[in-house]
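Here the structure is laid out as structure tokens; the discussion comes afterwards.
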Amino acid sequence: MGHKILIVDDEKGVVQMLQSYFVMSGYEVYTAYNGKEALVKLKYCPHIILLDINMPEMDGLAVCERIRQHISCPILFLTARIETTDKIRGFQAGADDYIVKPFDLDELGARVAAHLRRENRRQEPSLLRFFGNMSINYSKREVKIDNTSVPLSKKEFDIVELLSLNPGQIFDRERIYESVWSLDSDGNSDTVMEHIRKIRAKFSACTLHNYIETVWGVGYKWKS
């Protein structure tokens, strides 16, 4: 497959049209119909994003502002807005270009290809996920809550990584210990309790949300 493109628009007809066009052009296409769904689809590490501005719940500007500090790929706004002030807001939010509706598909395809050719930020795309007001960059081993970095030790991050990559799945202490420390390590599963206590303390300094939930008598699970 070729480049990965994420198309975000609340108009299903537009999404389907663009999806068909870019699939035919050799792209690997991912789609979302609102801002919150777009945040989830970032886990596929798109090389370029087409982002509608006018969407319910979380509009394109809010999505762009939220993700720009975490990703470097080009973001192109799809919009019917043509006011200069709107364009300025978009560029300030981190957009790379504007595509004004209605647009010619071949011209759009050419502009997408041009942005990809000019893209000189060729580092490996980050594996990134969002959970409410938390973002986890697994490639950089970085956790942020409301844009504030949470300082985690190596083992603390390993626990967060294991749980957050499997949200809702319950892990008992023994399984966490075996996954993070390995069977050959000195220590026991009580070490897991102490590390989770420290993780929770660091999280609670930034948010009231309890991301690591205790399932009494069973273990722990990630609560997004």
Problem set entry | Alpha-carbon spread of the chain, three principal axes, descending order, Å | 63, 36, 31
Exercise. When you count, for each residue, the other Cβ atoms within 10 Å and take the mean per peptide, how do 101-111, 36-46 rank with the highest first?
Worked result: 36-46, 101-111
Exercise. Cross-link list 154/221; 4/221; 198/223; 144/223; 12/43: which exceed 25 angstrom alpha carbon to alpha carbon?
Worked result: 4/221
Exercise. Rounded to a whole number, what % of the accessible area of segment 11-153 do carbon and sulfur atoms account for, probe 1.4 Å?
Worked result: 49
For this session: Can you tell me the FRET efficiency between residue 215 and residue 28 if r is taken as the Cβ-Cβ distance and R0 is 30 Å, rounded to the nearest 0.05?
Result: 0.20
Exercise. How high is the relative contact order of the chain, in percent, with contacts defined as C-alpha pairs under 8 Å that are six or more residues apart?
Worked result: 13
Seminar exercise, completed: Candidates 64, 73, 206; GNM for the chain (alpha-carbon contacts under 10 Å) flags as most fluctuating 206
For this session: Could I have the simple spin-label model distance between residue 12 and residue 166, label points 7 Å from Cα toward Cβ, reported in nm to one decimal?
Result: 3.5
Exercise. Say we join alpha carbon atoms closer than 10 Å with springs in a Gaussian network model of the chain; which of 214, 79, 31 then has the biggest fluctuation?
Worked result: 214
Exercise. Percent antiparallel among DSSP beta bridges with both residues in the chain, to the nearest 5?
Worked result: 45
Exercise. When only alpha-carbon atoms count, how far does segment 10-105 stretch along each of its three principal axes, as whole angstroms with the largest first?
Worked result: 35, 29, 23
Exercise. Can you give me the relative contact order of segment 1-119 as a percent, contacts being Cα pairs under 8 Å and 6 or more apart?
Worked result: 22
Problem set entry | Computed label-point distance, nm, for sites residue 153 and residue 19 using a 7 Å Cα→Cβ extension | 4.6
Exercise. Rounded, prolate or oblate: which one fits segment 72-114, using the alpha carbon gyration tensor with axes a ≥ b ≥ c (rounded when a/c is under 1.5, else prolate when a/b beats b/c, else oblate)?
Worked result: oblate
Exercise. From the square roots a ≥ b ≥ c of the eigenvalues of the alpha-carbon gyration tensor of segment 82-166, which class results: rounded (a/c under 1.5), prolate (a/b over b/c), or oblate?
Worked result: prolate
Exercise. Which value, in Å², gives the accessible area per residue of the chain when a 1.4 Å probe is used on the protein heavy atoms?
Worked result: 52
For this session: Normalising by the residue count of segment 71-180, find the relative contact order in percent from Cα pairs under 8 Å and 6+ residues apart.
Result: 16
Problem set entry | Label-point gap, in nm, between residue 41 and residue 58 - each point 7 angstrom along Cα→Cβ | 1.3
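The values are calculated or read from the model by the stated rules, or taken from the named source; none is laboratory data. Here the structure is a predicted model, which is why all the values come from computation and not from measurement. Cβ coordinates were reconstructed from backbone atoms using ideal geometry, including for glycine residues, and neighbour counts include every protein chain displayed. Accessible surface areas use protein heavy atoms only, side chains included; no ligands, DNA or RNA. Shrake-Rupley method; radii C 1.70, N 1.55, O 1.52, S 1.80 Å.
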